[in-house]
1. Return the ratio Rg/(2.2 N^0.38 Å) for the stretch B:1-153, where Rg is computed over Cα atoms only.
2. Through the Karplus equation 6.51 cos²θ - 1.76 cosθ + 1.60, θ set to phi - 60°, convert the phi angles of the stretch B:254-266 into ³J(HN,Hα) values in whole Hz; use x for Gly and Pro.
3. For A:Ala272, enumerate residues with amide H under 5 Å from its amide H, sequence gap 5+ or separate chain, H modeled in the peptide plane.
4. In whole angstrom, note down how far apart the Cα centers of the stretch A:155-190 and the stretch B:266-304 are.
5. In the neighborhood of B:Ala112, defined by Cβ-to-Cβ distances under 12 Å, what is the net charge if each Lys or Arg adds +1 and each Asp or Glu adds -1?
6. Reachable aspartates and glutamates from B:Lys26, Cα under 20 Å, same-chain residues fewer than 8 places away excluded?
7. Can you pull out the cysteines in chain A that have no other Cys Cβ under 4.7 Å?
8. To make sure I understand, if each residue's beta carbon is the centre and we count other beta carbons within 10 Å, what order do B:His210, B:His232 fall in, fewest to most?
Amino acid sequence: MRRRPPGQDEATTWEREVPRSGVMEGLVALLLAVAGVCAAAFAVLYVLDASTQLLGLSLGLAFAALAAALVVAGKRVVPQETAILDKPPLPDPEEREEVRELVRDAGEGVSRRGLIVGAAGVAGCGLGAALVLPIASLGPGADARLARTPWRRGRYLVDEEGERFGPDDLALGGFLTAFPEGADKEEVGSPVILARLRSQELDLPPERRGWAQDGVVAYSKICTHAGCAVAMFRYPLYPPQTPPPALVCPCHYSTFDPRNGGERTFGPAARALPQLPLMLDAQRRFVAGGPLSGRPGPSYLTVRK
Amino acid sequence: MIPRPHPTDDAVRFVDDRLGASKAVKKALRYVFPDHWSFMLGEIALYCFAVLVATGIFLALFYSPSDSDVIYRGVYEPLRGAEVSESFGSVVNLSFDVPAGLLIRQTHHWAADVFVAAIVLHLLRVFFTAAFRKPRDVNYFVGVTMLGLALVEGFLGYSLVDDLLSGMGLVIAYSVLMSVPLIGAQAAVLVWGDAWPGSPELWPRMFIVHVLVIPLILGGLIATHLTMIMRHHHTQFRGPRRTEHNVVGTPLWPAYALRSLGLAAAVVAVLVLLGGLVQINPIWEWGPYHTADATNGAQPDWYLGWLIGGLRLVFGYEPVVFGYTLVPNPFWGGVAFPLVVFGILYAWPWLDRRRERDQAHHQLLDLPRDNPRRTALGAALFAWVAIVFFVGALDRIYFLLGVPYEGQIWFWRFGIFVVPVLVYFVVRRVTTELSVGRARVLRGWYGQTVRRAPGGGFEVLTPPDGAAPSVPAPEGPKGVTDTELGRVINALTATLNDQRPERLDVDRLQSLVTDSLGGEEKLAVVPDLNGAQVLDTRGERLADIRFAGGAWTVERAVPARDELPASPREPTRGEKARARARGAWRKLRP
């Protein structure tokens, strides 16, 4: 049998040097002692409930001293050797041929290989379909869950404290976050952002003419790009009044125009912010005039349905 | 007198008595590590992983994965009375109420950041030195997989905290999953358990994936990675006595073991010092997350910066057909972009084999300059990713320098295609100069040239007007490139030493040479008195095949390309055109 000759696959020394340096041995001992003292200091500081900074400093310095000791020992105290290791080539043609035959022999005497392979393909496809398709049962459920929002005609808007409020609580250029009264605030469909502009600035589509009250417009606060809260309102009160008013999402800077129904003016979002129609009750407090104008939150297959 | 046994003898005897492992131990202790600083990057990642496991176990003992609302009543005054999730509350408590808790948490977070950084640098080293070539391509796949898992693991880790920043990240992840064409909405509802913010089970699920599932897979892959390294042995750079068939370096015991343990201690030291002295992710300042909250200037942990950049850069467009939104926008930056990057990384060994027509085993590493095209392609790829990374922080550029954000985004929407191409050409030029230009005189001629005179003796050539005297340059191989000749020599060496023939079968060697040149008969193998020679088409001897010292050797008979002075070459088409234009201009001038 052909086998590797002796001496291969074993490292042989090329150069070897024994440092014999008393100074370096002393340095290693000193560094190890420093590591021990620092570690003990950590223990004491821990018992004294010292600050995070002191704890980190003492433990970190202990490890730093240990690292220095090990490196000095590895480079200046123990014998330094350069060795050469001869590597036999990885593939072994004889063994490979034997394995190849063993694998090939499995088919010995089988005459209808094509038939069996074909049938196995049928089994694989069938099983794959059987195991994957049940995911579809989530389908209609997902759609219904994503479409649901708590906004109905007549539902009161409340601020973060849960108080009802009206247009007089909002100054020109101001904005605040509102929720449907009594609903779960964490749902994507809940939060809306109310912003106050000048009535004459608004340029809402014709069918949304009555949706603003005293220049206050309400949009879903969840960005139609990636679901972050549209938490910024730009409204330059004094000249130069450019750039124009905008609602901006701080995650990817999708920018929406509050004057014309929340259309996107910049950034990666592709849909307008859904608008909430506003009405006032007898005490001039905000009431929803109907559901949101579209599905809130990030896009998916049926989001525009 | 009986010699006293050495204090370590007992340990050796104990192991051998119980396990009979002396042979294996000897092999392990004599395992050879080639010395190069860049081989430490993977080790740093390994030691970071160890720190992550140790600190992570500590943190897991105090963390509670739950989104149920609690009123915070801990020691941090500004948050007292606030409604927070149990997750967030437990992390604030372990930061302020558990002794050394904040140190451990910050060390854990820093270790995660350094872990991914070390993996990425290790990947770059492997990429640009071509360590991914056969037989290590399989191990390279394991490494790329670990990088992907580390990104997911890191994202889950900081999402678990449920502070304002991580909540924003999590809702973006939800939207990105939802943006997968056709099945996205179902997939997101499946993973989150319900529409956002998801079912309460989400938190225990994320927790178990973060502390058990992914660490277990990573541990298994690390073991696989190391086992394969031991089987293949390390690669090494070219150097004295280093060949394709050996490893030259420091044996594990004792010097390398001490140095590597020293590196481990240094990694721990840096991470603990960072954890103690440099604040990271002060969640009590961000506050808890609620769906209706977001903050400006948010940046994720560094290793996710390329994804936020991808999301920000894309045009605001979604294809809609019959009211169905086919590809929601976050898909491009959040799914397609990382899939393409990882797809290229996975395909790279195969692409490189095809491009180089190189099926051989490689144990010696290339320097980046050795293969300008590979280095330039890699640099262009990484420039592409780096630009997207940078785009994720353009809002910071606006705050620092006042350059309008919208303008920057528009610039990079096109720059993303242009800059990598420029990087390709610049890097290719620079690496080519580095590889061939070392022997070229840059400006003028400072020296003298001595030549052996035809009739014996020597003569000094004095240049006429500061120009280099024309000395016939030694020529390289004709008809084959230097790389191809190197490949032929490698193939011959490997085969001859693998088979150790007593007599040369010239026909077999000829077909081997032709195969390694992609099937073209550009070189001939002819027998001579001592063995054989490799000749090029004009009959010039390029290499000798000799039997020496019990082994076959193949030696170059022509100098390697980078030892050659620049040979006079045909002017390129551009140079010819410029020369014609100069001539025409001279004629026009009075």
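Computed from the coordinates by the stated procedures, all read-outs in this text should not be read as laboratory data. Remember, it's a predicted structure, so these values are computed and weren't measured experimentally. Heads up, the Cβs are rebuilt from the backbone with ideal geometry, glycines too, and the neighbour counts pull from every protein chain shown.
1. Its radius of gyration relative to the 2.2 N^0.38 Å reference: 1.59.
2. Each residue's phi maps through the Karplus curve to give x, 5, 5, 4, 5, 5, 5, 5, x, 4, 4, 5, 5 Hz.
3. A:Arg264
4. When both Cα centres are located, 31 Å separates them.
5. -2
6. Straight-distance partners of B:Lys26: A:Asp9, A:Glu10, A:Glu15, A:Glu81, A:Asp86, B:Asp9, B:Asp10, B:Asp16, B:Asp17.
7. If one checks each Cβ against the other cysteines of chain A, A:Cys38, A:Cys125 turn up with nothing under 4.7 Å.
8. Going from least to most buried by this count: B:His232, B:His210.
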